[in-house]
Amino acid sequence: MTWLAVLAALLLAPAPALAEDPTLARALARVSAPPLGLPPVPVAAPDRPTAARVALGRKLFFDRRLSRGGTMSCAMCHLPEQGFTSHELARPVGTEGRSLRRNAPTILNVAYHGRLFHDGRETSLETQALAPLLDRNEMANPSLGIVVETIRALPDYRGLFEAAFGAGPSPDRIGAAIASYERTLLLAGSPFDRWRFGGEAGAMTPEALEGFRLFTGRAGCATCHTIAADHALFTDQQFHDTGVAARRAAPAEPVPVELAPGLVVPLSPE
């Protein structure tokens with residue numbers, strides 16, 4: 001069984017009562033004491049995950065009923081068994097078969113990200129979690145009010161928001177619950193972590209050690225994919241122009257196109 005399958009099994013196991021749920025206990029323990037190679041989770045005290053919030057956020061994350069057509073959930077693009085991404089498709093398929101505009105990034109270790117989405121337009125997990133609920137290609141709800149109304153009408157959500165937040169469903173509490181769950185999705189303790197931060201000399205193969213020397217040396221990868229003294233997120237949280245497609249060929253001359261007999265118009269290549 002691969003580590004992704006193990007992680008999926010742990011996170012998707014049937015949930016007993018909150019006080020007895022070992023998956024919730026492990027999730028909260030990861031936030032309090034992150035795996036080797038990760039720094040403390042940056043979360044303000046009022047937003048710190050609790051068992052009730054994580055359980056609610058997990059339920060929301062996997063619930064297809066929260067999409068307009070009842071077919072999509074967060075987990076349809078961020079599949080646990082694929083590392084909370086969708087590595088089989090460059091762009092996931094959303095509601096009504098529409099392809100999303102961008103790749104679905106993994107949400108493992110997303111608790112550490114200061115800017116979210118590929119263009120960095122969101123700054124917190126709480127607000128980011130709400131956008132897919134409204135996106136036409138994703139869950140396609142016409143408004144957050146409709147999402148709240150949907151949740152209020154579902155009997156299996158009765159009392160869950162009150163137990164987690166002391167009040168009923170609302171957009172900010174939906175975002176907070178999903179963010180609480182996402183903050184528990186921490187993964188580290190790799191052979192690199194054990195070698196670099198755990199002092200385990202034999203954890204890395206000779207080939208991996210040579211790759212690390214290139215990564216931090218001549219190849220220059222670590223300039224942007226940074227490694228700190230006691231942890232490694234492999235990102236400096238910045239956006240960089242790497243020069244990809246920066247040089248473009250000179251535009252071609254407009255090509256005349258005959259739309260109908262005797263009607264010819266020039267069209268640019270754009």
(request) Kindly indicate which of THR85, THR71, THR23 is at pLDDT below 95 and over 28 Å from HIS118 (Cβ atoms). (result) THR23
(request) Find the residue count for the range 90-123, including only residues that are polar (S, T, N, Q), within 20 Å of VAL54 (Cα to Cα) and either in contact with a Ser or Thr (Cβ under 7 Å, 6 or more places away or on another chain) or not in a loop (DSSP other than H, G, I, E, B) (or both). (result) 1
(request) Could you check ALA140 against (1) touching a residue at least 60 places away in the same chain (Cβ under 8 Å); (2) crowded, with 21+ Cβ neighbours inside 10 Å; (3) within 23 Å of LEU100 (Cα to Cα) and say which number it fails? (result) (2)
(request) Being farther than 13 Å from GLY175 by Cα and β-branched (Val, Ile, Thr) is the filter; apply it to the range 43-57 and report the residue that is nearest to the chain's Cα centre (by Cα). (result) VAL43
(request) Please enumerate the residues belonging to the range 19-47 that are closer than 26 Å to ALA232 by Cα, free of Cβ contacts under 8 Å to residues at least 40 places away in the same chain and either assigned to a loop (DSSP other than H, G, I, E, B) or open to solvent by less than 40 Å² (accessible area, probe 1.4 Å) (or both). (result) THR23, LEU24, ALA33, PRO40, ALA44
(request) For VAL93, work out the one condition from (1) touching a helix residue (DSSP H, G or I) at 6+ places or on another chain (Cβ under 9 Å); (2) closer than 24 Å to ARG152 by Cβ; (3) among the hydrophobic types (A, V, I, L, M, F, W, C) it doesn't fulfil. (result) (2)
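Condition check ((1) among the aliphatic types (A, V, I, L, M); (2) touching a Lys or Arg at 6+ places or on another chain (Cβ under 8 Å)) across all residues:
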{"site": "SER180", "(1), (2)": "no, yes"}
{"site": "LEU186", "(1), (2)": "yes, yes"}
{"site": "GLY202", "(1), (2)": "no, no"}
{"site": "HIS225", "(1), (2)": "no, no"}
{"site": "GLN237", "(1), (2)": "no, yes"}
{"site": "ASP241", "(1), (2)": "no, no"}
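Listed here are the residues, each with its yes/no results for (1) out of contact with any helix residue (DSSP H, G or I) (no Cβ under 6 Å at 6 or more places or on another chain); (2) closer than 18 Å to PHE61 by Cα.
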| site | (1), (2) |
| --- | --- |
| GLY120 | yes, no |
| PRO132 | yes, yes |
| ILE151 | no, yes |
| LEU154 | yes, yes |
| ALA176 | no, yes |
(request) Could you list, in sequence order, all residues of the range 159-179 that are open to solvent by less than 10 Å² (accessible area, probe 1.4 Å) and touching an Asp or Glu at 6+ places or on another chain (Cβ under 7 Å)? (result) GLY175, ALA179
(message) Condition check: in a loop (DSSP other than H, G, I, E, B), within 30 Å of ALA153 (Cα to Cα), of a type in the set (S, T, N, Q) and open to solvent by 10 Å² or more (accessible area, probe 1.4 Å). Does THR71 satisfy that?
(response) yes
(request) Please enumerate the residues belonging to the range 170-209 that are in contact with a Pro (Cβ under 8 Å, 6 or more places away or on another chain), without any contact (Cβ under 8 Å) to a residue 24 or more places away in the chain and not in a loop (DSSP other than H, G, I, E, B). (result) ALA208
(request) Taking THR127 as the residue in question, decide whether it is surrounded by fewer than 18 Cβ atoms within 10 Å (Cβ to Cβ), in a helix (DSSP H, G or I) and in contact (Cβ under 8 Å) with a residue 24 or more places away in the chain. (result) yes
(message) Return the residues of the range 183-210 that are in contact with a helix residue (DSSP H, G or I) (Cβ under 9 Å, 6 or more places away or on another chain), open to solvent by 40 Å² or more (accessible area, probe 1.4 Å) and of a type in the set (S, T, N, Q); say none if nothing qualifies.
(response) THR205
(message) Quick check on the range 92-107. Is at least one of its residues of a type in the set (D, E, K, R) and buried (at least 19 other Cβ atoms within 10 Å of the Cβ)?
(response) no
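The values are calculated or read from the model by the stated rules, or taken from the named source; none is laboratory data. Since the model is a prediction, treat every value here as computed from it, not as a measurement. Quick reminder, even Gly has a Cβ in these numbers, built from the backbone with ideal geometry, and neighbours come from all protein chains shown. What goes into the accessible areas is simple: the full protein's heavy atoms, side chains included, and nothing from ligands, DNA or RNA. Shrake-Rupley method; radii C 1.70, N 1.55, O 1.52, S 1.80 Å.
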